[in-house]
Each structure stands twice: as structure tokens, then as C-alpha cells.
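The values are calculated or read from the model by the stated rules, or taken from the named source; none is laboratory data. On a predicted model such as this, the values are computed, not experimentally measured, just so you know. Note: ideal-geometry Cβ built from the backbone for every residue, glycine included; neighbour counts use all protein chains shown. Areas reflect the complete protein model, heavy atoms only, side chains present, ligands, DNA and RNA absent. Shrake-Rupley method; radii C 1.70, N 1.55, O 1.52, S 1.80 Å.
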Amino acid sequence: MKTHIFFSLITGAFFLQNSCGNFQNDFGAKPPGEINTTGPELIEQDSTIFIKSLVKDAAQMLRTKGEAAFEEFRKPESRWRKGETYIFVLDKEGNMLVHADPEMENKNQLDLLDVNGKPIIRGLLAAATALPEKQEGWFHYQWPVPDGLLPRWKSSYVQLVQSPDGKEYII
């Protein structure tokens, strides 16, 4: 646990310095005066790119195979389920159709809350459905760590997907 906190502090300090312009530019970042402030500049980490790519690939599989893709998503140690990174599938009513924890599947999880009382499933649904022109997004929440003292932050990237039979899912 101390390693994670230490890493977060170092990462936070690096980004704080980066945003203040007080670090040497060895990483190809633009100095503050050269940053385009009229449009958003986004620097994505490899893990962010990987997660978005995984979700987009799973969404494509669901678009073409429909619910038959669910069995692929459930396979342990497959591309879709490795360690703490996994694909889950919800319907728009909050029913968990695919999840790494089988105890969560086939149940309505709409009222699932994080450790601070933040509604998780409602947040995931909103991230994928709130804006018709952008049917994807991130949702961040805190989850308890088994046998841990403190919860940890989790981030989920979700996308609204329509299967061949016209059903809509959040993946």
C-alpha cells in the first residue's frame, strides 16, 4: 500500500511541476507559452490508451456477435479479463450481464454505491448516455480493497453499443 501512495505522490508532483512549467522539458512537452489554449490538449498514458482500445474492441465484437460475445468476455485470463482489468456489460436498466465477479451477474446493480455513497452504476450509465453525440466516457469511484485499510480509486471507461438485434448495452 505504501508503494501505491508513494507512486501517486511522485506522479502528482511530476504533473504539478509540469503544469506549472517548472521542470526541464525532456519529455517532448510544449513549454507553457507554446501550448494551444484554444483547444483541448490531451496527453494519454499507455494504460488509458490500452483500456479505451480494449473497450472499443469489445464494443465492436458485441456489435457483430451480439450476446454471443458475452461468453468470450467471461473467459478467465483471456484478453478481456486479466488481473484487475476486465470487460463488464450492463443494460440500460442497470442489470449486470457480464462481470469478473460472477456474484454480480444477472442482478440489477443500479443502487450499487462506492465507499462514499456515490452511485457507481448510475454514473457509468450517465457517462455513456448523457450526451447523444458522445456515447462514451470515464467514471471514477472508490472501491474497498479486500483486507485493506483504505479504499482505492477505480476508473472505468464505458461505451454505449447496439447489438445486431437492436439491444443497447453499456460495455
Requested in this report: Report whether or not Asp57 is charged (D, E, K, R), out of contact with any Cys (no Cβ under 9 Å at 6 or more places or on another chain) and open to solvent by less than 40 Å² (accessible area, probe 1.4 Å).
Outcome: no
**Report entry** Meets criteria (aliphatic (A, V, I, L, M), in contact (Cβ under 8 Å) with a residue 12 or more places away in the chain, over 14 Å from Val161 (Cα atoms) and out of contact with any helix residue (DSSP H, G or I) (no Cβ under 8 Å at 6 or more places or on another chain)) for Ala100
**Finding:** yes
Query - strands (runs of 3 or more DSSP E) completely within the range 130-171 that count 1 or more residues being open to solvent by 80 Å² or more (accessible area, probe 1.4 Å) and over 21 Å from Phe70 (Cα atoms) - result: 136-143, 152-162
Query raised in the report: Out of (1) within 27 Å of Asp165 (Cα to Cα); (2) in contact with a Pro (Cβ under 9 Å, 6 or more places away or on another chain), the odd one out for Leu113 is which?
Result: (1)
Report task. Filter the range 84-129 for residues that are under 13 Å from Lys154 (Cβ atoms), assigned to a loop (DSSP other than H, G, I, E, B) and of a type in the set (Gly, Ala, Ser) and give the result. Result -> Ala100
